[in-house]
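Here's the structure we're looking at; comments come further down.
The values are calculated or read from the model by the stated rules, or taken from the named source; none is laboratory data. On a predicted model such as this, the values are computed, not experimentally measured, just so you know. In this analysis, Cβ positions are derived from the backbone assuming ideal geometry, glycine residues included, and neighbour counts consider all displayed protein chains. Note: accessible area is taken over every heavy atom of the protein model, side chains too, but ligands, DNA and RNA are not part of it. Shrake-Rupley method; radii C 1.70, N 1.55, O 1.52, S 1.80 Å.
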Amino acid sequence: MSDQNPCKLILALDLETREEAFAMLDRLGDSLEWVKVGLQLFTAYGPNFVREIADRGYKVFLDLKLYDIPNTVAKAVQSIATLPVELLTLHASGGAEMLEWANKARADYSPNLNLLAVTVLTSMDEAQLRSLNVLSTTEAHVKHLADLSLNAGIQGLVCSSLELSPLRARFGNDPIIVTPGIRPKGSSADEQKRIMTPHAAATAGSSYIVVGRPILKADDPAATAAAIRAELNVAS
Ligand code: C5P
């Protein structure tokens, strides 16, 4: 990425309870700027939880992966526009009309919000794509859904770090690209299969990396987050 847009770290706040989440944020303090709230905590604690995180000074990535008829998704975006959220996910496979309606609601109600399209879930293999009657390769299907999303006006994509190079080659520097599956050198891969280091992902063109367990399970989460951010600044 360019000097104006260094790759940024987002913590995946994948914890079970509000108390655990806030205890972790107390430990992290200002070693962190961005927090991803996913379905588990959002369905348990709702919009107020998002407001509380933003009140602590963090920027919020709300990872709800919306997928429904265009009107319902647009209304959900309109509701989310009342919250302090800067990044929001939806499924590219909802189709062009759903993506366009979502983007229109974003522009009308929260122009500073950026929508991110999830292309193919990294949990899907080609056998599973076949079972959905998708006959192309995963890479070709990712590109197809990325085309659909960006043509519909969506601001960015969530993808595996291994897809960064082909997507940057195809779409240039403009789209936001967010990559999970990141592991600093020496940390456990957990069940993630296609991983990259923070430095490699930043160099390959990631706008934001999402990191969960390597920080959440570290003996010193703040030091680990600070070390990852330092690695990203060197790469940018
Ligand atoms: O703990 P870890 O760093 O593996 O967490 C990665 C985060 O990114 C999790 O919240 C996971 O749900 C999310 N994610 C992912 N792969 C995707 C999309 C999202 O790992 N393709």
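Measuring nothing but protein heavy atoms, the accessible surface of the chain at 1.4 Å probe radius is 50 percent carbon and sulfur. In straight-distance terms, cross-link reach from Lys65 covers every one of the lysines whose alpha-carbon lies under 20 Å from its own, apart from those fewer than eight places away in the same chain; here that gives Lys36, Lys75, Lys104, Lys143. Under the classification rounded if a/c is under 1.5, otherwise prolate if a/b is larger than b/c and oblate if not, where does the stretch 8-235 fall, given a ≥ b ≥ c as square roots of the Cα gyration tensor eigenvalues? Oblate, since a/c reaches 1.5 and b/c is not below a/b. Here the Karplus curve 6.51 cos²θ - 1.76 cosθ + 1.60, taken at θ = phi - 60°, turns the phi angles of the stretch 86-96 into couplings of 10, 10, 9, 9, 8, 7, 4, 6, x, x, 4 Hz, with x standing for Gly and Pro. Charges on Cβ only, +1 for Lys and Arg, -1 for Asp and Glu, centred on the Cα centroid of the stretch 8-235; of Ala146, Met124, Ala223, which one is farthest towards the dipole's positive end? The residue sitting most towards the positive pole is Ala146. Rounded to the nearest Hz, the phi-derived 3J(HN,Hα) couplings of the stretch 175-188 under the Karplus curve 6.51 cos²θ - 1.76 cosθ + 1.60 (θ = phi - 60°) are x, 6, 10, 10, 10, x, x, 10, 9, x, 3, x, 9, 5, where x marks glycine and proline. Rolling a 1.4 Å probe over the heavy atoms of the protein chains gives the chain an accessible area of 47 Å² per residue. Just how much of His144 is accessible, in Å², when a 1.4 Å probe is used and the result is rounded to the nearest 10? Accessible area of His144: about 100 Å².
Only protein heavy atoms count here; under a 1.4 Å probe, Val50 has an accessible surface of about 0 Å².
Using only side-chain charges placed at the Cβ, +1 for Lys and Arg and -1 for Asp and Glu, the dipole size of the chain relative to its Cα centre rounds to 280 debye. Percent of Cα pairs in the stretch 102-236 per distance bin of 5 Å, from zero to the largest separation: 2, 10, 18, 19, 18, 15, 11, 6, 2, 0. Each residue of the stretch 37-44 was assigned a 3J(HN,Hα) from its phi angle through the Karplus expression (A = 6.51, B = -1.76, C = 1.60, θ = phi - 60°), giving 9, x, 4, 4, 6, 5, 6, 7 Hz with x at Gly and Pro. Considering the chain as a Gaussian network with a 10 Å cut-off on Cα pairs, which listed residue, Leu121, Leu13, Leu32, attains the greatest mean-square fluctuation? The residue with the greatest mean-square fluctuation here is Leu121.
The label-point distance for Glu33 and Glu126, in a model that sets each label 7 Å from Cα toward Cβ, rounds to 3.9 nm. Which of the three applies to the stretch 125-203, rounded, prolate or oblate, going by the alpha-carbon gyration tensor with a ≥ b ≥ c and a/c under 1.5 meaning rounded? Oblate.
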